[in-house]
Amino acid sequence: MPWLVMKLVFNRIPKSPGMPFCLRPVAKKIMTQVQAQFLDPQLQTNLAFIEASLQDQDWLARDFSAADIQMSFPLEIASDRTRPCQLISPISSLLNGKQLTSKIGWF
């Protein structure tokens with residue numbers, strides 16, 4: 001999810017050691033506005049799409065596959081970068097491994 005990488009970069013710009021002291025408040029204000037008006041809505045749209053695809057089925061590819069493992073990494077990062085109440089039950093149950101333990105029994 002490139003939006004998560006962009007959010008990480010935009011969070012780090014005002015805190016970078018090369019940023020002049022007098023420009024930090026301006027950079028922080030600009031980065032806050034970019035995140036609020038562009039990045040956060042895009043991130044919410046992507047999370048809503050993933051949630052909608054998980055409403056009808058337990059796994060992303062109907063059966064457990066490598067896609068579920070690969071998608072668990074950005075979803076965990078998204079759960080750290082967004083407020084917990086924004087992740088709805090299908091995504092959070094995928095992250096908690098409830099489906100994984102019931103279907104496979106590895107853990």
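Read the figures in this text as sums done on the coordinates, not as results from a lab. The model shown is predicted, which means the values in this text are computed figures rather than measured ones.
Just a few scattered comments:
- Per-residue extension of 0.36 nm, minus the Cα-Cα distance of Val26 and Asp56, leaves a gain of 6.3 nm for this segment.
- Computed over all pairs of different Cα atoms, the Kirkwood value for the hydrodynamic radius of the stretch 33-81 is 11.9 Å.
- Sequence-distant aspartates and glutamates (8 or more away, or on other chains) whose Cα lies within less than 18 Å of Lys7: Asp40, Glu76, Asp80
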